[in-house]
1. Using Cα-Cα distances under 8 Å and only pairs 6 or more residues apart, what relative contact order does the stretch D:70-192 have, in percent?
2. Can you sort B:Asp107, A:Asp314 so the residue with the fewest Cβ neighbours within 10 Å comes first?
3. On average, how many beta carbons from a partner chain sit within 10 Å of the beta carbon of a residue in B:56-67?
4. Which shape class applies to chain D: rounded if a/c is under 1.5, otherwise prolate when a/b exceeds b/c and oblate if not, where a ≥ b ≥ c are the square roots of the Cα gyration tensor eigenvalues?
5. Report the relative contact order of the stretch A:5-83, percent, no decimals, based on alpha-carbon pairs under 8 angstrom and at least 6 residues apart.
6. Answer with one residue from D:Gly189, D:Pro223, D:Gly206: the one whose Cα lies farthest towards the positive end of the charge dipole of the stretch D:160-328, charges on Cβ with Lys, Arg +1 and Asp, Glu -1.
7. Only bridges with both residues in the stretch D:160-328 count here: give the DSSP antiparallel percent, nearest 5.
8. Could you give the dipole magnitude of the stretch D:160-328 about its Cα centre, charging the beta-carbon of Lys and Arg +1 and that of Asp and Glu -1, in debye to the nearest 20?
4 protein chains.
Amino acid sequence: MSSTIRVAVAGASGYAGGEMLRLLAAHPRVEVGAVTAHTSAGTALGEHQPHLRSLAHRVIEPTTPEALAGHDVVVLALPHGASGAVAAQLPGDTLVLDLGADHRLTDAEAWRTFYGSEHAGSWPYGLPELIVAEGAGGAGVARQRDRLAGATRIAVPGCNVTAVTLGLQPGVAAGLIDPSDVVAVLANGYSGAGKSLKPHLLASEGLGSARPYAVGGTHRHIPEIAQNLRTAGAPGVRLSFTPTLVPMSRGILATVTAPLAGGSGTGTAAGAVRQAWVEAYADEPFVHVLPEGQWPSTAMTQGANTALIQVAVDEAAGRVVTVTAIDNLVKGTAGQAVQAMNIALGLPETSGLGVEGVAP
Amino acid sequence: MSSTIRVAVAGASGYAGGEMLRLLAAHPRVEVGAVTAHTSAGTALGEHQPHLRSLAHRVIEPTTPEALAGHDVVVLALPHGASGAVAAQLPGDTLVLDLGADHRLTDAEAWRTFYGSEHAGSWPYGLPELIVAEGAGGAGVARQRDRLAGATRIAVPGCNVTAVTLGLQPGVAAGLIDPSDVVAVLANGYSGAGKSLKPHLLASEGLGSARPYAVGGTHRHIPEIAQNLRTAGAPGVRLSFTPTLVPMSRGILATVTAPLAGGSGTGTAAGAVRQAWVEAYADEPFVHVLPEGQWPSTAMTQGANTALIQVAVDEAAGRVVTVTAIDNLVKGTAGQAVQAMNIALGLPETSGLGVEGVAP
Amino acid sequence: MSSTIRVAVAGASGYAGGEMLRLLAAHPRVEVGAVTAHTSAGTALGEHQPHLRSLAHRVIEPTTPEALAGHDVVVLALPHGASGAVAAQLPGDTLVLDLGADHRLTDAEAWRTFYGSEHAGSWPYGLPELIVAEGAGGAGVARQRDRLAGATRIAVPGCNVTAVTLGLQPGVAAGLIDPSDVVAVLANGYSGAGKSLKPHLLASEGLGSARPYAVGGTHRHIPEIAQNLRTAGAPGVRLSFTPTLVPMSRGILATVTAPLAGGSGTGTAAGAVRQAWVEAYADEPFVHVLPEGQWPSTAMTQGANTALIQVAVDEAAGRVVTVTAIDNLVKGTAGQAVQAMNIALGLPETSGLGVEGVAP
Amino acid sequence: MSSTIRVAVAGASGYAGGEMLRLLAAHPRVEVGAVTAHTSAGTALGEHQPHLRSLAHRVIEPTTPEALAGHDVVVLALPHGASGAVAAQLPGDTLVLDLGADHRLTDAEAWRTFYGSEHAGSWPYGLPELIVAEGAGGAGVARQRDRLAGATRIAVPGCNVTAVTLGLQPGVAAGLIDPSDVVAVLANGYSGAGKSLKPHLLASEGLGSARPYAVGGTHRHIPEIAQNLRTAGAPGVRLSFTPTLVPMSRGILATVTAPLAGGSGTGTAAGAVRQAWVEAYADEPFVHVLPEGQWPSTAMTQGANTALIQVAVDEAAGRVVTVTAIDNLVKGTAGQAVQAMNIALGLPETSGLGVEGVAP
């Protein structure tokens, strides 16, 4: 591969595609190649992404194999169900990053249950910090990043999944929590819903209001979270998961609780819990356990590829409580994709990715 | 009592006091008497509550027994810990509504643990729709409103408490949920924090961000919720409670989950659960279980004395999930106080209280 | 007319129709009759206006002459251009309130220029506080309300128009400002754009951002403002008008400036200007000039039928600066309609209308 | 100078200081040296700027000459009036960037009138794109950047000033507008007010509301705007200036209008006006005139050092209307400072500065 990496983005007019382009434009090794889309083909990128000043003059091409050919990397920022067909037409040695859900689940049955269509197959899962329990040995904790080096197909995780997994997995891996009764409630920014023109996504409806959606075990991110926690060492995951739309454009604040494991003595739990979380992420460049007493806010992560976490033990309730903040479009989507791309291509994992949030 | 009820409001320059005055000004039987405060005494009410046009010219008096004398009703919208001393100086036959926490808890030990001071004593608790299990008999469900008729001292519940209690109590009363592992996560508007001048309450910090507070079993509303659920019939309540500040001025969206009770057959649970919730509030003027499939938003309740609820059963997780929306300053504070006042004085319970939200 | 006034609302699923219903439901003399709409006919009102709890069970009827027959008042909350045809089918003695633009302009040519269709004709204009210069005589200032008593057709003004007109007309009537170079810039909440499903109206786009629209003299409210200022006594109105969308659901904050009139001595201008504004609204129940030094915010007017105004003289710039806050859906639309209805029917002008804003 | 530039930031716990550190941390040539403050000295930077992950562990030092010694660049992000004394103690060959107002005005009398204290003196003004009329000759337009190369003291402009100046100066330089009656109304994010603990800056007050401040010619940015427009070639500037707080944390949207100059034929004005604006910024890396028909929003500039501008001619009103969007903390403060620093030190002007906004 030449010293410059050419990257094409399919689905360039949406939020995920736009964020991908924002990050790629700042990546020291990347040259942005084709930008493609479906209905907006033939128009200037600046009509859809006017904030991307260096790319505003680019003309959007149709999403075809020809347009996507000749790139080192192709990013698919397409609606769920659309990436399988496009990916099948791309060369095997092109690195393909799928920001959609199509290739995340390993269980075809779970796919059919939650998505109602045939499963497109499973790709290496692009959450570098995911703890891989089966690989654990004397040499320390194995991580999912070990499986991404040299990969040519990567399924990038969903935003809710990233927040919940990173927040809870240290307790899973350390055996400190009981995974059979996890409860997660999330505050979600509106960009997670995409540019869909639906009445409840209008500014007049969203401003000044909070509302839940996909309540009662129906959200498609549930089997993906369970899959991750199993990878981290938890058999028998049961998860109550409720996302809520709150009046912000970006960000996820995930409050996740799980029972203290049976063996955890309540007298010593708080210290052991905190230590497990701190150790799990001590060497991670993007996942930070905050100093004791400081809780994350989504503003702290805005525009950055960070996940900020705090954990507490509620002894009276017998539960561990963790709160994780991410920017849903960065660590939750496009930044995670860049991080996975860096690993797959052998670049420094942090290339082109920042840790300073745009706050206040 | 004359046909016009004279009401004084102590703490008139704060948010709770202001909302009380907004509702009282619209009450057909009420005349607003003295408006009092501490540091703002001597200034025009309009400097602090410029939205209260009909009262803007009123001059705030100091909070003294003399100023509060000669009213049929005195509302105490004071900081926690301050109402006990003021109330002690008021005549026994004056109806005193305490919007603060001082007289809510019946357990002096719980008060000392969570508030760190001596307990001021317990007053009749002003949540009219609270189910009272011990009073249940052949004639139907007993409610807390039965204990408020003729009362001269009423402790008005907290806003988080109201949302969580109303959302969960039907399941408690019907024996459908297990109260030993309740998890509640709330999205809270900023007015719940009062006019405190703290950095994290600044608009520049709050806009576009979500953040938790009082995580890990430390929030003072926890023992009050447990007390209510015990009243509704649940021994052995254990509660994980996490409030989160989100960018709205008003409103609470409470997501509350609890395990299905052991005897609930999962096959029939959803229908039985929904029926229990619908029946519990069928006759309530302010608490509405929404039609199946419709979930509440805080905007729907803005400015109104309503609590809007929906419930679902997540069979895979083995949990009931309820979401409740209220306006924290109305059904969560001042509207609830007016409702309790109406009951205590023998007025129609809905006098001066609206059910139409100011939306969008 | 019977003591109860039956009112039908056509366009009941939109924001203007919903706000009309919110206010009518609280009006002591009104019974809400038919609620009608076009595409949502046959569905429950609660699907579209879930915040209107007392009317949520109502079924929306199609907007037909039959459905609208038999009411004392019919409110047309329809898209611009649609009300003329519906109104033509209603009896002449039914009071028809048009919340749309169709019948506001007296100048058919201006209508054609800004709306591009044939003019439906002109109805009595429903801004009660509008100063009518031609009617001024020894007995004081004439107002538009004098023309509304007994009217059976009323064109309710636009929201931007109401804010700009009320803010500036005292200076026009008193001859203190030069109307030939008025500049108005408005901060507008998103509900003013209706429930239109357009990308720039999405919450993800609106949250955290401000943007202008209809810049450069193209906005359809411009000729209506000029018409009002002419009525108030200003020949030769020239107006630069720029609305900007800001992240709030409701509210208009109109900053309007005009040159001091040539004869205004700058040394004495400030006092005379303030006096003119105070006097102009001294007897108005809904339009308040705030105490000196206090400036309006839109929150102060939320949900209320108030217009709050402050005025200053910038001697260095040679301009009067006024700032006016209204709730665009209340004093800017539905509240104004109720006010006009009250006048037309001989009810107290303030019936069913509040002056206390829902703040904070 | 060594290849790494050491930069100290005084006032590191405030918003301007924090944003300076965010940008410096990403600057390829900069090493962040001392971070100093007053009341927060001795605490970790992460307590005040938790979003700055790479610097969170830094300990804040007191703002003393010793702490600031030994740096190539010192940034003063101090309250107005405080930087003069600190700067006087710094070596003459250290580049000092003052983000405060102290050294911006050349007219000591204007300083005393608007700030009420003694003038600290005037430094080279750090708005690189400012047109300098007196320097104009056959070789094209002179810019303020020419005066910054090699400077060791730079007064960085205010945020409102930057937006208004950039928006209007092309018309001034081309003689197309009449500077004697400029009207500017701004929508401002709350971070522009700093971390001041004032009631009207609370989230509960700001959310869902718009309000003006410093109305009527009193804002301290007025003489600075006039000074800039004089530099760009406009004698006799008169300016009506009204900022309004709207519910966003960052961003300024400046709507600025001025009369078309007497000689401008209205028939040809629109094309000539647009051409003048386009040409004025054709070579500017950070100031972009958007394509015809596209208007700026503040979201497009979030986190970026861009100013986005559109212009229209309102022939009926006889006015040019321009709208400019910036991020008040970047192009309005810290980004502008980095840009000026780059020029002063002979680095590429765009080093460390991005043009892609963080949107949506």
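1. It rounds to 22 percent for the stretch D:70-192.
2. B:Asp107, A:Asp314
3. Mean partner-chain Cβ count within 10 Å for B:56-67: 1.
4. Because a/c hits 1.5 or more and a/b exceeds b/c, chain D counts as prolate.
5. Relative contact order comes out at 40 percent.
6. Toward the positive end, the furthest listed residue is D:Gly206.
7. 70 percent
8. Working: 9 positive and 11 negative charges, 120 e Å.
That gives a dipole near 580 debye.
Read-outs throughout are calculated quantities, based only on the coordinates presented, and are distinct from any laboratory measurement. The structure displayed is predicted, hence computed values, not measured ones. Using ideal geometry, Cβ is built from the backbone for each residue, glycine included, and neighbour counts are taken over all protein chains shown.
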